[in-house]
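Reading through the structure tokens given below for one structure.
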Amino acid sequence: MRYLGQTAADRQAMLAKIGVADIDALFKDVPADALNAAIELPDHRGELEVERHIGALAARNLSPADAPCFLGAGAYRHHIPAAADHLIQRSEFLTSYTPYQPEIAQGTLQYLFEFQSQVALITGMDVANASLYDGATACGEAVLMAQRATRRQKAVLSGGLHPHYRGVVETLMRQTDQPYLAAPMDAEGNEDLAALIDEQTACVVVQNPSLFGHVRDLRPLAKACQAKGVLLIVAVSEVVSLGLITPPGEMGADIVVAEGQSLGVPLSFGGPYVGLFAAKEKFLRQMPGRLCGETVDQDGKRGFVLTLSAREQHIRREKATSNICTNSGLCALAFTIHLSLLGEAGFTRLAEINHAKAVELAGKLDGLKGIKLVNGSFFNEFTLALPKPAAGVVEALAKKGILGGVPASRLWPGEKAAEHLLLVSATEMNTEHDMSALRSALEEVL
Amino acid sequence: MLNKQGRQTTPNAGADNSGPAGGYATIGGHKGLEHEEPLIFEQGEPGRCGVDLPAPANVAERLGGLRRKGAIGLPGLSEPQVIRHFVRLSRKNYAIDMGVFPLGSCTMKHNPRLNEKLARLKGLGDLHPMQPESTVQGALALIDELAGWLKTLTGMPAVAMSPAAGAHGELCGLMSIRAALIARGDARKRILAPESAHGTNPATAAMCGYTVDPIPATADGRVDLEALRAKLGPDVAAIMLTNPNTCGLFERDIRQVADMIHSIGGFFYCDGANFNAIVGKVRPGDLGIDAMHINLHKTFSTPHGGGGPGSGPVVLSDALKDFVPLPYVIHDANGYRLVEQDESGKSFGRMKGFHGQMGMFIRALAYMLSHGGDGLKRVAEDAVLAANYVMASCDDVMSPAFAGPCMHEALFDDSFLKDTGVSTLDYAKALIDEGYHPMTVYFPLVVHGALLVEPTESESKDALDHFIMVLRGLAERAQSKQAADYFHGAPYLVPRRRLDETQAARKPVLRWKPAQDNKAAAE
């Protein structure tokens, strides 16, 4: 057993030092009939055997590397620079713990400070935390925070909000019987959320670009929220869009949550990802999760520590702002490295390329065999109205080796208006050839 | 020399790293292999970039007139600059790959690199979560296989796979319990939890709208059954109990606890943070529990990564097995299905985006397959053996909080430091200079000046013997009463010495800002 270091002689010597005859003497507090239960599992295996076993499972999947892939809906296929994946595998990052001992965790603490700074800059907000699990859970935490900050209960949820984000909010709200108002599906991007605000409203949650891809000017909504003391929460499920679009902070958001997966984090079938959480400074002490702050050490040198922990569960227990402990540290590192490599110029250009690819693809598909582009505006993902139910079309495309998009009906089941809608995304990964392949495959299956 | 706080700034002897021999400081500020490293924001130049991207096609923009005006303010660095920056940062961290990391309650065990390789396989690491079911049968099979191992190891009939970490698993467990209670028309209000519980327990209970009623411990570090009995009532939804508990002890009355909570119609939530002590050896399902989260990033070795990501699947009893989060995997004659919409009317809904921490599932399954049932049992035995060995080797110079045997953690209180002028924190900081990450300190709260040592099964006897020598040596040095100043100033041999946490909290600086902003703020 290659991961275990004791020899039989070591074990005997250690038992002798402890003063017991056998290992089970150390388990004497366990009810006797529950100890050494017969657990039917295969015996240990070597690296090669394990690699074969899991390799065989991998081989049963269709890798997006082998199929033109236009899937988005909250997770996006982007190129990860080799340096990013290499650096996060350094032992000192990969196998360290939460930085509870700052003298020997300055590496982690400094990158968290850099991460927080980057997140604040790209969202246009004052402060950001050191990450949450993912965009959807960050969205749930944002609603809970808005309730604390406003001392009101009701959340208004946009019909363009990703249903997974909406689902997480609803699950949390149901636990304490809090009211929420979930607007109907908004595929057209023209809902009027301001009309749904009332005296009980704590927050309005809106996604930009929306699930269906619409890029919206949130300033009028922000103004309406502000007039009634309501917090505007903006969710961003494609963080690369912030390279090109006016940041939510500039449009008046009070809290911004985002899915950071697009920078440095592999798709990995849905997780682990990294939740970004940024807010106006006045809400600092209501924020969930860890915060890293600058300070000095005993010799006066700049250093970093986890701070304002009086908000957190290990200090405040049932009065904490959240129960979160472990967050998404290593994914935050991947994000920070990727964004450091990109810098201002690279981040902007990556966003431009994504947008250009999507514009090009929309042009190729709009009007083809009765397909209609729903969007007036979009970033790297748009919605198509198909002449047939989208779920069947996607299956037919998969049979041709093309991952052609996400049927809206998978996210809005039972919603009649969703049936024919297909969400299609294009990124820097999509070649001319991919786009032509999708076009001709659609011509065949429609 | 003393600084303003009266703390020693240099040690008495032999531990000064302030400069080379002869009293010269280095000219550039670096010290040999240790580099001072500015923020990325302090190294950037416009026009520099660490990636090469082609010019985008010239298209008619469709951003709805919302193209960003003005710059973001991100620094431009070349690839070698970025690599050097993060490599230098990495060298300021302690890690399990460097030495013993005895952080109690955190299970810092070896992280096999095979698991990293497999998580990156084509067909797993690059799968999109919204691919059609027909194209991800292997991924769903992998989730199902891991679920099978977890159910077998715990002796429980069901497992919810989507929680993203331990605290998220607790939330899942309590939401499941709440859903089951509501289904029988009996919503309750109170959760019982020992005073020694992880902070996540009460914080989670509060998120589900429960009040938390603490249960005191007995003198031997276990739940006080009489106190528990006195707290029982028809409004108690559940007890949350960590077993082995946070004092490193097995709750020997666990079945009575289960019977008592069940007798009033409540549920038994077990915090599985310490499952490493019993994995492969004891099935929690045989002890009467209803729900337990499993930290894949503890017991099953997925890397902690400086604070995450984790993964916290929750095993559920028959009484709770229908009250699960969405989505979940099932399989029938046609293969595997991912159930994303409630089909039973009993699910309590969605907890996170997509389907769970797949990257962690792959690593955890690789770990389980590597160990097998036989190896996992040995994991528990060696982890418990190592903790007891540390305790037995130090009990004459340190002060075990409770009589042994312990499980996989050895808990000491600070009575061995009494009258030495050295605190638990000082002792921990001195360990840093000795090349060790400190143990967990000041937790659990029920023990004065607690020092919680979890060596894990990964350490060889040789490594433990060296660690023990240091633990003993520091205890004896403190007890000599000659070295309080030395301890107060520790650590010395580190990139940064003790940091001013008060200043950090009083005047929070949580991000870099461009120089002119700083100036504007000052005015």
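Residues in region B:321-326 carry Karplus couplings, in order, of 5, 8, 9, 10, x, 9 Hz; the curve used is 6.51 cos²θ - 1.76 cosθ + 1.60 with θ = phi - 60°, and Gly or Pro positions show x. Entry note, region B:116-368: relative contact order of 28 percent, from Cα contacts under 8 Å with a spacing of 6+ residues.
Placing unit charges on each Cβ (+1 for Lys and Arg, -1 for Asp and Glu) gives chain A a dipole about its Cα centre, and among A:Met1, A:Leu132, A:Gly405 the Cα reaching farthest toward its positive end belongs to A:Leu132.
Within straight-line reach of B:Lys377, meaning a Cα separation under 24 Å, sit the following lysines at least 8 residues removed in sequence or on another chain: A:Lys17, A:Lys28, B:Lys109, B:Lys151, B:Lys281, B:Lys298, B:Lys461.
Okay, which of region A:317-354 sit inside 20 Å, backbone N to the point 7 Å along the Cα-Cβ direction of B:Lys189? Residues passing the 20 Å test: A:318-319.
Modelled spin-label separation between B:Ala57 and B:Ala230, with each label point placed 7 Å from Cα along the Cα-to-Cβ direction: 7.6 nm.
Distances longer than 55 Å among the Cα atoms of the protein assembly as shown: what percent of all pairs is that? Could you put the intermediate results ahead of the total?
Numbers: 50574 of 468996 pairs.
Roughly 11 percent, once rounded to a whole number.
Straight Cα distances below 30 angstrom link A:Lys388 to the lysines A:Lys357, A:Lys364, A:Lys369, A:Lys372, A:Lys399, A:Lys400, A:Lys416, with same-chain residues fewer than 8 positions distant left out. Under the shape rule built on the C-alpha gyration tensor, where the axes satisfy a ≥ b ≥ c, region A:122-245 is rounded, since a/c falls short of 1.5.
Count, for each residue of B:134-147, the Cβ atoms from other chains sitting within 10 Å of its Cβ, then give me the mean as a whole number. List each step's numbers first, then the result.
On the way: counts 4, 11, 4, 4, 9, 7, 4, 4, 7, 2, 0, 3, 0, 0.
If you average over the peptide's residues, the count of other-chain Cβ atoms is 4.
Within region A:384-426, the residues that become at least 50 Å² less accessible when every protein chain is included than when their own chain is isolated (1.4 Å probe; DNA, RNA and ligands ignored) are A:Arg410. Helix A:106-123 axis versus longest C-alpha principal axis of chain A: approximately 10°, rounded to the nearest ten. Here the alpha carbons of region A:82-338 define both size measures, Rg and Dmax, at 18.0, 59 Å. The charge dipole of the protein assembly as shown, taken about its Cα centre with unit charges on the Cβ of Lys, Arg, Asp and Glu (plus for the first two, minus for the last two), comes to roughly 1600 debye. On C-alpha positions alone, give me the angle between the axis of helix A:432-445 and the longest principal axis of chain A, in degrees, nearest 10. It works out to around 70 degrees. For chain B, the share of alpha carbon pairs falling in successive 20 Å distance bins from zero is 19, 46, 31, 4 percent.
Across region A:149-166, computed HN-Hα scalar couplings (Karplus, 6.51 cos²θ - 1.76 cosθ + 1.60, θ = phi - 60°) run 6, 9, 6, 10, 10, 7, 10, 9, 10, 5, x, x, 7, 3, x, 5, 5, 4 Hz from first to last residue, x flagging Gly and Pro.
Farthest towards the positive end of the charge dipole of the protein assembly as shown, among the residues B:Ile191, A:Pro163, A:Gln101, is the Cα of A:Pro163, using unit charges on the Cβ of Lys, Arg, Asp and Glu.
In sequence order, region B:68-84 has phi-based couplings of 4, 9, x, 8, 7, x, 7, x, x, 10, 7, 4, x, 4, 5, 4, 4 Hz under the Karplus curve 6.51 cos²θ - 1.76 cosθ + 1.60, θ = phi - 60°, and Gly or Pro positions carry x. A dipole drawn for region B:321-362 from +1 and -1 charges on Cβ atoms has a positive end, and of B:Phe354, B:Ala333, B:Ser344 the residue lying farthest that way is B:Phe354.
With contacts taken as Cα pairs under 8 Å and at least 6 residues apart, chain B reaches a relative contact order of 19 percent. For chain A, find the longest principal axis of its Cα atoms and tell me its angle to the long axis of helix A:8-18, 0 to 90°, nearest 10. Approximately 70 degrees, to the nearest 10. A cut-off of 5 Å between modelled amide H atoms, ignoring neighbours fewer than 5 places along the same chain, links A:Phe304 with A:Thr295. Its Cα centre serving as origin, region A:197-342 has a Cβ charge dipole (Lys and Arg +1, Asp and Glu -1) of approximately 280 debye. What the protein assembly as shown shows is 33 Å² of accessible area per residue, with the surface traced by a 1.4 Å probe over protein heavy atoms.
About the Cα centre, and with charges only on the beta carbon of Lys, Arg (+1) and Asp, Glu (-1), how big is the dipole of region B:116-368? Nearest 20 debye, please. Don't skip to the answer; put the middle values down first.
Working: 23 positive and 25 negative charges, 64 e Å.
It comes to approximately 300 debye.
Summing both sides, the accessible surface hidden between B and A at a 1.4 Å probe radius is close to 17300 Å². Treating cross-link reach as a plain straight distance, find the lysines whose alpha-carbon is under 25 Å from the alpha-carbon of A:Lys301, omitting any fewer than eight places away in the same chain. Filter leaves B:Lys4, B:Lys31, B:Lys92, B:Lys429, B:Lys507, B:Lys513, B:Lys519.
Given the Cα-Cα distance of B:Lys346 and B:Asp419 and 0.36 nm per residue of separation, how much length would full extension add, in nm? If you can, show how the numbers build up before the last one.
On the way: separation 73, 0.36 × 73 = 26.28 nm, distance 5.87 nm.
Working it through step by step, the gained length comes to 20.4 nm.
With only the Cα atoms considered, chain A has a convex hull volume of 205 Å³ per residue. Were the residues from B:Asp144 through B:Ala333 laid out at 0.36 nm apart, the gain over their Cα-Cα distance would be 66.6 nm. Protection proxy ranking for B:222-232, B:467-477, A:42-52, using the average of other Cβ atoms within 10 Å per residue and placing the highest first: B:467-477, B:222-232, A:42-52. Ordered from largest to smallest accessible area (heavy atoms of protein chains, 1.4 Å probe), the residues A:Lys364, B:Lys346, B:Lys298 come out as B:Lys346, A:Lys364, B:Lys298. By a 1.4 Å probe calculation restricted to protein chains, A:Glu432 has an accessible surface near 100 Å², given to the nearest 10.
In terms of overall dimensions, region B:116-368 has a Cα radius of gyration and Dmax of 18.0, 58 angstrom.
The values are calculated or read from the model by the stated rules, or taken from the named source; none is laboratory data. If you're wondering where the values come from, they're calculated on a predicted model, not measured in any experiment. Cβ: placed from backbone, ideal geometry, glycine included. Neighbour counts: every protein chain shown. We work out accessible area using only protein heavy atoms, side chains counted, and drop any ligands, DNA or RNA first. Shrake-Rupley method; radii C 1.70, N 1.55, O 1.52, S 1.80 Å.
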